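Read the structure below first, then the notes.
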Amino acid sequence: MALDLARHVVRQSPLLRESWPVRQAREWRIRQSWREHPRRMASWYRDAADMRTRVFVSNLEVPEAPRLCQPISVVVRLFGSDGAAVVAKRYNLARNASLVVELRDLLPLHLRGHVQSGMVQVDFEGPQLGSSRAYLHWYNDRCLTSSHEKFGLTIPAVGGYWTVPNVQDSDEYRVHLAITNLDAQPYTSTMLLKDADGHSLEAAVRVPANGSRFLAVDRVFENMRGFLGDRAGVLYFGNNRQPAMYYYFVANQRLGTWRAQHL
């Protein structure tokens, strides 16, 4: 009763509504809501001899509503390929500031250089600004390629976005798939590989909750080189429900470089 009466008095008094204690309480509630309901993003990472990963997150004001940009917190979590939590760290990010995280620096010493596949999860605890998107660099001494995380969990799949064109297997180029599963349930993705004449091979990949996979396509489909011949094929994902994230990486075997593209 007393609490309800106090709230009523505050609502009826403009001076009280703008007093320092009331403002502090209001800001605390807003931040608590951000922490309980962050914008959760996820992507794929690797820390091995042939590839390392870094993550970028920005907190930039937008010209249309600069006051929406507030100091916020970002929580970065790393998971193993089996979905087991590895490490988590919270960062504070000021207005118009950016965060760069070398994921190797977060890993325990015994895992550095030995993670073939994992999921990185980024919780943005602040207003939903367009600049809050996470970007990634995958790199080594010879190359750098980049992409971004999954933009939300409710965007419906669109025909054509879930195909990998120009799939080939040769002594020089090899296509790899990176899949992460942000869901609390295991995820099974069916795959269909078609050659230039429309003939097809089928396979499936199971990804555990919070888990990931990094697969050379020629390990998924038996005798892929003989099936495709000397012409490129197309790879289709039959199960493209959210919230799974797909990337494909083209490895140049001769140069030791990578090129990434998200789906």
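We did not get these values from a lab; they are worked out from the coordinates using the rules stated. Predicted model only: the values in this text are computed from it and were never measured. Every residue, glycine among them, receives a Cβ derived from its backbone with ideal geometry; neighbour counts consider all protein chains shown.
Exposure proxy check: R67, R142, R213 ranked by fewest other beta carbons within 10 Å?
Fewest-to-most Cβ neighbours within 10 Å comes out as R67, R142, R213.
Based on alpha-carbon centroids, what's the gap between the stretch 176-231 and the stretch 56-90 in Å, whole number please?
The stretch 176-231 and the stretch 56-90 have Cα centres separated by 30 Å.
Once label points are set 7 Å from the Cα along Cα→Cβ at both D82 and S98, what is their separation, rounded to one decimal in nm?
With each label point 7 Å from Cα toward Cβ, the separation is 3.7 nm.
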